[in-house]
Structure formats: C-alpha cells, structure tokens
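Everything below concerns the one structure shown next.
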Amino acid sequence: MAQATQNQIRANSSQRSLVIRNLVAWAGVVPFLVFVILFLFWPASSLITGSFQNQSGAFTLQNIIDLFTPSIMNAYMLSIQISIVTAIGGGIFGFMLAYAVIQGGLPRWVRTALTTFSGVASNFAGVPLAFAFIATLGHTGFLTALFADKLGIDIYNLGFNLYNFWGLALTYMYFQFPLMVLIMAPALDGLREEWREASENLGASSYQYWRYVALPILWPSLLGSTILLFGNAFGAYATAYALTRTLNVVTVLIGDQISGNVLFNPNLGYALAFGMIVIMAVSIGLYTWLQRRTARWLQ
Amino acid sequence: MAFLELTNIRKQFGQAVAVEDFNLKVDRGEFVSFLGPSGCGKTTTLRMIAGFEIPTVGRVAVDNVDITDKAPNQRNVGMVFQSYALFPNMTVAQNIGFGLRIRRESESAIKERVDEMLALIHLEQKGPSYPSQLSGGQQQRVALARALAIRPQVLLLDEPLSALDAKIRVSLRAEIRAIQRKLGITAIYVTHDQEEALSISDRIVVMSQGHMEQVGTPFEIYNFPQTAFVASFVGTLNTTTAEVVDSARGVLQIDGARLETAEKLDGRQKGDKVTIAIRPERFSFASEQKKANVVDCRIENITFLGSIVRIQVSIGSGKYYMDTFNNPFLELPKIGDKDQVTCSREAVLVLKS
Ligand SMILES: Nc1ncnc2c1ncn2[C@@H]1O[C@H](COP(=O)(O)OP(=O)(O)O)[C@@H](O)[C@H]1O
Ligand SMILES: [Mg+2]
C-alpha cells in the first residue's frame with residue numbers, strides 16, 4: 001500500500017518534471033516565433049490585405065485586376081526572364097568556379113580568397129553596383145574607353161549595351177555567381193573522392209561518373225541554389241532602378257507606386273508584391289516537387 | 001607462374017618515399033594481407049594495384065599482363081574501401097549493378113547477377129533500399145558485392161572492417177573469407193590489426209616504413225618472426241638482449257641466467273649481443289627436474305584475460321610475460337613468490353638485427 005502511494009507520488013513528480021521540461025523546450029522556440037510573427041507573418045498579412053483594399057480601406061479586386069494590364073504583365077515577364085537568365089548563367093559560372101577551387105587541386109589560399117570575395121560581392125548590389133558598372137562599362141566607362149583606345153574596338157558599336165536586358169543581366173551576374181559559389185562550396189566539399197574512385201574502379205569514365213554519380217548527388221543543392229538565385233534576382237530593386245529607367249522590373253514598379261510622386265498608389269504596390277509572392281510560391285512548389293521526384297534517396 | 005606480380009615497386013610522393021623494394025608474387029585464389037602500422041605504405045601499395053597511383057619505379061602484372069600504366073577504369077580489379085563509398089543516390093541493387101551497367105550488359109543479365117550477389121551477401125530483401133537505410137556492416141557487404149559483381153581478376157580490400165563494431169568485425173571477416181574461398185578469387189587485404197591478418201590470410205606481408213619486413217603464412221609470422229619489428233607487432237612477445245656464451249651449442253645469457261636456443265648462431269662470437277624473443281605461452285613453471293632453460297624468477301603480477309591468465313615474472317632485472325590457460329583448478333602463485341620458469345630451446349627465437 002505504502003509502496004503504491006510512493007509510486008503514485010513518483011509518477012506525479014515525474015509527470016510534473018516532464019511538463020517543466022516541455023515548457024523549457026518551448027521557451028527556446030519563443031524568440032524564433034516572435035521573429036517570424038513580427039517580420040514575416042505580420043508584414044505579409046498586411047501586404048495581402050492591402051492588396052485587396054482601395055485607398056480608403058474598402059475591399060476591392062481592382063488592384064488584382066490592374067495587375068493584368070500589359071505594362072504590368074511586361075514587368076513580370078521581364079523580372080522572370082532576368083531572374084531565370086541570371087540564375088542559370090550565374091549558377092553555371094559560380095558552380096564551375098567553386099568546382100575549380102574546391103576539387104581542382106588549386107592551392108588553399110585561392111579558395112579562401114574566392115570565398116572572401118564571394119561573401120562581399122554577393123552583397124554588393126544596388127546603387128553602388130550600378131554605378132560601378134556604369135563607370136566601367138557605360139558609354140564613357142573605363143573599360144569601354146580602354147577597348148576603344150588600345151584595341152580600336154567600340155563595344156557599343158558591336159552591339160553591347162549596358163542599359164538593355166543583357167547589360168542588366170551582366171550587372172546582376174556580379175552578385176549572382178558569388179552567391180552560387182557560397183552555396184555550392186559546402187555541397188562540393190561533401191562530394192567524396194572515394195565515389196569517384198569507386199566509379200572509376202567499376203569501369204566508369206569521367207563523364208559517366210558525372211552523369212550517374214556526381215550530378216545526381218549534387219542535384220538537390222543545384223536545384224535549391226538555382227531557386228535561391230532566382231529569388232535573389234527577382235527581389236533585386238536598386239540595381240535595376242539605378243542602372244536604367246527603361247527596363248521596368250516589378251520591383252521598380254512597386255517603388256513607383258509606394259514612394260513615387262506621380263503614380264502614388266500603395267495598394268497597387270501591395271498587389272504587385274502579392275503577385276511576386278505568388279510567383280515565388282509557385283517556383284518553390286515546383287522546386288519541392290522536382291526535388292521529391294529526383295532525389296528519393298534523401299528521404 | 002604467379003597470378004598477381006609486383007616487381008621492384010617504389011613509390012615516392014615528392015621526396016618522401018612511401019613504398020620501396022616491394023616484390024610480391026600472389027597465386028591465383030590466394031588471400032594475402034598487408035599488415036603494418038598506420039602510414040607504412042599499405043594503402044599506397046594497394047592503390048598501385050588498383051591504378052589510383054602509378055609506381056615511381058617497378059611493374060604490376062596480373063595474369064602475365066603488365067597493367068602498370070593502365071587507367072583504373074581499364075583494369076579489372078575490384079576495390080572495397082574503408083568508408084564503403086557506396087553511391088548514396090542509388091539503391092543497393094543499382095550500386096551492385098553499376099559496374100555491369102557501365103559495361104553495357106543487358107538488363108536481364110544485370111538483374112540476374114545482382115540477385116546472385118544479394119544472395120551471396122545474404123541481403124536478398126535489401127535490393128530496393130538506399131545505403132543510408134542500412135547498418136555499417138550491411139553497407140560494407142553491399143560494397144563487397146558491388147566489387148565482386150564485375151567478376152574482377154583481383155579483389156582489393158582496404159581496411160574494410162575498421163569502421164565497424166568489434167562483434168561485426170569478427171563475423172564479417174569470416175564472411176569475407178568464406179566468400180573469397182567460394183569464388184576462388186585472388187584477394188589482397190589491408191589491415192593494421194594483427195589478429196585480423198592472422199585469422200583471415202593465406203599469407204601475410206608485414207610492412208614497416210614502406211618496406212616489407214617479412215612474408216609468410218600466419219603460422220610462420222607468428223611462430224617465427226624474423227625481425228624485432230615483426231616480433232613486436234604480431235602478438236605479445238617478450239624481447240630482450242642476450243649475450244652469446246657459446247655460439248656452437250646455442251648458449252646465451254640474460255641477466256645472469258643461461259638460456260639455450262635451437263637456432264643457429266652462425267657468425268656470432270662469444271660476447272656478441274643478440275636480440276631474442278620468447279612468446280608468453282611458451283613459458284611454463286618448471287615443475288619437473290628439467291635441466292636446460294630453467295631460470296629463477298619472481299612473480300610480479302597476475303592478470304586474468306578470460307581464457308588465459310597472464311603472469312608477469314622478473315628474471316634478474318628484466319620483466320617477462322608468461323601465459324597459461326585458465327582453468328578453475330589452476331593453482332596460481334602469489335605475487336612476490338619465488339619460482340622457476342622454463343621454455344624449450346625452440347621457443348627462444350634469435351631475431352635479425
Ligand atoms: N597522395 C599522397 N601524397 C603525399 N603523401 C602520401 C600520399 N598518400 C600517402 N602518402 C604518404 O605515404 C605514406 C604511406 O601512406 P599509406 O599508404 O596511406 O599508409 P597506410 O595505408 O599503411 O596507413 C604516408 O607517410 C603518407 O603520408
Ligand atoms: Mg591506409
């Protein structure tokens with residue numbers, strides 16, 4: 001009897017300590033939750049509600065309908081195109097660079113230098129980046145002049161233009177490929193030398209190793225980083241804004257609606273941003289689906 | 001004619017010599033181990049057979065064909081890595097079938113061979129699993145099956161068990177040996193574990209600092225180590241310096257005690273110093289009135305090691321181990337007791353250098 005009571009007490013106290021332990025575990029999550037609510041859910045929900053309100057705060061679908069006007073549709077197309085082009089271009093270039101440095105048997109300091117550079121360059125965007133490119137490759141830029149003086153080549157005559165789509169893409173590439181380097185470096189580190197040796201030992205050529213082993217293993221990282229690069233370019237604002245006023249990507253339109261004097265309509269700006277969220281959500285969905293299909297071994 | 005032949009192999013990395021004067025002939029179907037401490041050049045030698053390293057000097061031949069300069073993917077040599085090195089993106093069946101797929105064998109031939117291999121390693125049910133879903137021991141069995149699936153001429157194993165638990169290590173090494181026997185495949189097995197090498201091999205190559213110390217059957221390596229290195233690396237061994245008293249009759253002296261050896265002492269003069277070695281199990285207490293090799297000792301320590309009892313005795317100023325089988329009726333001496341130990345003349349080994 002006494003034994004039973006004692007067991008009861010022990011059970012109670014162990015239950016209580018379990019509750020406390022759970023509380024403590026949850027307490028650790030609180031900062032994260034606060035952060036997510038304050039900086040993600042709250043702005044996103046106010047943005048979404050704003051998309052469905054007119055300037056006096058009443059419900060309307062007009063902002064969403066306005067998204068389908070040609071000029072706005074063109075802006076979305078342009079944003080998507082420049083993001084895809086620079087994600088793939090920067091992705092390939094960044095990947096090859098990371099590969100050369102990590103698996104290519106180059107001295108250690110080259111890697112350190114590239115990583116440091118990438119850390120800085122991947123954050124070098126916006127107005128300073130645009131002006132750096134104008135000063136280098138603009139009509140009177142340093143390199144433009146150098147080509148003209150030393151080689152007698154006028155790159156603008158040859159079709160180059162910093163202020164068109166490909167010029168903007170080139171400028172974006174400057175922060176895209178370093179991001180790729182930063183993301184792919186650890187993934188390439190994870191590519192074990194024994195896998196190459198095992199495949200060679202089983203008779204595979206270098207091409208077959210890449211085709212059947214290395215690329216499939218890297219695929220999830222490649223896919224993930226490409227989507228990240230896509231988002232990185234998709235959300236870029238100041239670079240495009242400062243470089244050219246003729247290429248209106250979506251972010252520039254949003255800027256016009258929110259802070260512009262002529263076109264001031266914040267609710268349309270919210271709707272534009274809402275459209276971007278939808279596009280990002282669709283691409284992340286696509287990414288997840290592809291990942292599930294192609295990398296079953298990760299589950 | 002030997003099946004696998006390494007002739008005069010030397011490998012340098014820059015100025016550092018990793019392997020030198022390596023000569024070995026392995027018969028078809030033989031199981032040979034490279035045994036030695038870490039860094040002695042075992043892996044480098046194995047990798048020269050696989051083609052991942054090219055010898056600085058020397059030739060590698062398999063079945064009378066010189067393969068020294070052939071690329072790894074042009075050789076027909078299967079390799080099992082310490083870290084398994086299974087392709088994580090492929091199922092067990094795909095891993096095993098990989099080499100056959102590269103060789104463009106038909107789907108049905110691949111499937112048949114994969115099933116055969118899965119049966120060989122007793123993992124019939126695991127074909128559709130991914131490597132990450134298997135235990136370490138299972139992964140290494142799959143790696144073995146993958147290497148064997150291509151019907152290699154030679155199977156190379158580089159410390160395949162050292163990442164596994166002790167229990168699995170013992171059972172898997174027996175399984176590896178059984179499979180090797182069943183297929184009659186020529187195998188080179190790298191290990192730093194002397195017990196493993198002794199238990200699994202037809203012959204052992206003991207290596208130290210890039211060169212071969214001794215080549216022989218486990219029996220020869222254990223019972224007749226030729227150098228101090230082999231003696232100390234394989235098993236527990238008492239070694240000491242002795243002085244030659246009578247080289248013709250094999251009489252030696254250690255710490256005032258006289259010992260006779262059955263080994264020849266040719267070329268040694270009275271007063272020369274030699275290194276001798278005696279296995280702990282060759283000592284016993286001198287119960288009967290034996291004449292030769294009976295020496296006075298003092299019991300220093302007694303340790304139970306399960307099936308054997310290890311007794312440490314001092315003879316003069318030197319300390320020696322003596323092993324005796326454990327049994328419940330054993331009358332053990334007490335620490336500090338004075339006693340007499342003996343060993344046969346054959347047990348006293350005289351080492352080179
Ligand atoms: N690729 C390499 N470059 C330089 N030195 C190496 C290389 N591979 C092995 N070595 C050196 O060669 C020696 C033998 O190494 P290894 O064959 O791996 O020894 P083990 O397998 O017996 O432990 C070591 O001193 C090691 O440092
Ligand atoms: Mg090794």
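The values are calculated or read from the model by the stated rules, or taken from the named source; none is laboratory data. As the structure is a computational prediction, the values presented were derived from the model and not from experiment. Heads up, the Cβs are rebuilt from the backbone with ideal geometry, glycines too, and the neighbour counts pull from every protein chain shown. The accessibility values were calculated without ligands, DNA or RNA, using every heavy atom of the protein model including side chains. Shrake-Rupley method; radii C 1.70, N 1.55, O 1.52, S 1.80 Å.
Using only atoms on other chains, find how many Cβ atoms lie within 10 Å of each Cβ of peptide A:210-217 and report the average.
On the way: counts 0, 0, 7, 5, 2, 1, 4, 4.
Per residue, the average neighbour count from other chains is 3.
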Next on the checklist: Test of the criteria: in the stretch B:189-297, which GluC sites (Glu not before Pro) are in a DSSP loop and have at most 12 other Cβ atoms within 10 angstrom of their Cβ?
Outcome noted: B:GLU288
Item to check | Stokes-Einstein D in µm²/s, Kirkwood radius over Cα pairs - the stretch B:1-110 at 20 °C with 1.002 mPa s viscosity | outcome: 136
Item to check | Under 23 Å from the Cα of B:LYS264 - lysines, other chains or at least 8 residues apart | outcome: B:LYS273, B:LYS290, B:LYS291, B:LYS352
Next on the checklist: Show me, for the stretch B:11-27, the HN-Hα J-couplings you get by feeding each phi into the Karplus relation (A = 6.51, B = -1.76, C = 1.60, θ = phi - 60°), rounded to Hz, glycine and proline as x.
Outcome noted: 9, 10, 10, x, 8, 7, 8, 8, 9, 8, 6, 9, 10, 8, 10, 10, 7
Next on the checklist: So for the stretch B:227-353, considering every pair of alpha-carbon atoms, how many percent are separated by more than 27 Å?
Outcome noted: 17
Checklist entry - Rounded to the nearest 500, what is chain A's calculated 222 nm mean residue ellipticity when only DSSP H runs of at least 4 contribute -39500 (n - 2.57) each, over all residues? => result -23500 deg cm²/dmol
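Less than 11 Å Cβ to Cβ from B:PRO152, Lys/Arg counted +1 and Asp/Glu -1: what total charge do the surrounding residues give?
Values: positive: B:ARG75, B:ARG146, B:ARG151; negative: none.
Within the 11 Å Cβ shell, the charges total +3.
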Next on the checklist: As a test of reading the structure, rank A:LEU18, A:LEU290 by solvent-accessible area (1.4 Å probe, protein chains only), most first.
Outcome noted: A:LEU18, A:LEU290
Next on the checklist: So, R0 is 45 Å and r is the distance between the beta-carbons of B:THR303 and A:THR288; what FRET efficiency does that work out to, to 0.05?
Outcome noted: 0.15
Checklist entry - Cα centroid distance between the stretch A:119-190 and the stretch B:1-66, in Å? => result 53
Checklist entry - Which one of A:ILE254, A:TRP219, A:ILE65 has its Cα pushed farthest toward the positive end of the charge dipole of chain A, where Lys and Arg give +1 and Asp and Glu give -1 at the Cβ? => result A:TRP219
Checklist entry - Scaled to the compact-protein estimate 2.2 N^0.38 Å, what is the alpha-carbon radius of gyration of the protein assembly as shown, rounded to two decimal places? => result 1.44
Next on the checklist: Restricting to DSSP H runs of at least four residues, report the calculated mean residue ellipticity at 222 nm for chain B, -39500 (n - 2.57) per run over all residues, nearest 500 deg cm²/dmol.
Outcome noted: -7000 deg cm²/dmol
Checklist entry - Say the dipole of the protein assembly as shown comes from +1 at the beta carbon of Lys and Arg and -1 at that of Asp and Glu; which of A:GLY91, A:PHE175, A:TRP289 then lies farthest toward its positive end? => result A:TRP289
Item to check | Estimated inter-spin distance, A:PHE39 and B:ASP66, nm [label 7 Å along Cα→Cβ] | outcome: 6.7
Checklist entry - Counting only residues 5 or more places away or on other chains, whose amide H sits under 5 Å from the amide H of B:PHE52 once H atoms are built in the peptide plane? => result none
Checklist entry - What are the ³J(HN,Hα) values, in whole Hz, obtained from phi via the Karplus relation 6.51 cos²θ - 1.76 cosθ + 1.60 with θ = phi - 60°, for each residue of the stretch B:255-266 in sequence order, with x given for Gly and Pro? => result 6, x, 8, 9, 10, 10, 10, 7, 7, 6, 10, 3
Checklist entry - Cross-link partners among lysines for B:LYS11, C-alpha distance below 23 Å, same-chain residues fewer than 8 apart left out? => result B:LYS25, B:LYS42, B:LYS70
Next on the checklist: Could you tell me which residue out of A:ALA135, A:ALA198, A:TRP109 lies farthest along the dipole of the stretch A:65-298 toward its positive end? Charges go on the beta carbon: Lys and Arg +1, Asp and Glu -1, centred on the Cα centre.
Outcome noted: A:ALA198
Next on the checklist: Can you compute the FRET efficiency between A:GLU193 and A:ASN22 using 1/(1 + (r/R0)^6), with r the Cβ-Cβ distance and R0 = 41 Å? Round to the nearest 0.05.
Outcome noted: 0.40
Checklist entry - Could you list log10 I(q)/I(0) for chain A at q = 0.07, 0.14 Å⁻¹, which the Debye formula gives when each Cα is one point scatterer? => result -0.43, -1.17
Item to check | Dipole in debye (nearest 20) - the stretch B:235-343, about Cα centre, beta carbon charges: Lys, Arg +1; Asp, Glu -1 | outcome: 120
Next on the checklist: What percent of all Cα-Cα pairs in chain B falls into each 20 Å bin, going from 0 up to the bin containing the maximum distance?
Outcome noted: 26, 45, 25, 4
Next on the checklist: What are the ³J(HN,Hα) couplings of the stretch B:32-45, residue after residue, when phi is run through the Karplus curve with 6.51, -1.76, 1.60 and θ = phi - 60°? Round to Hz, x for glycine and proline.
Outcome noted: 10, 9, 9, 10, x, x, 4, x, 8, x, 5, 4, 4, 5
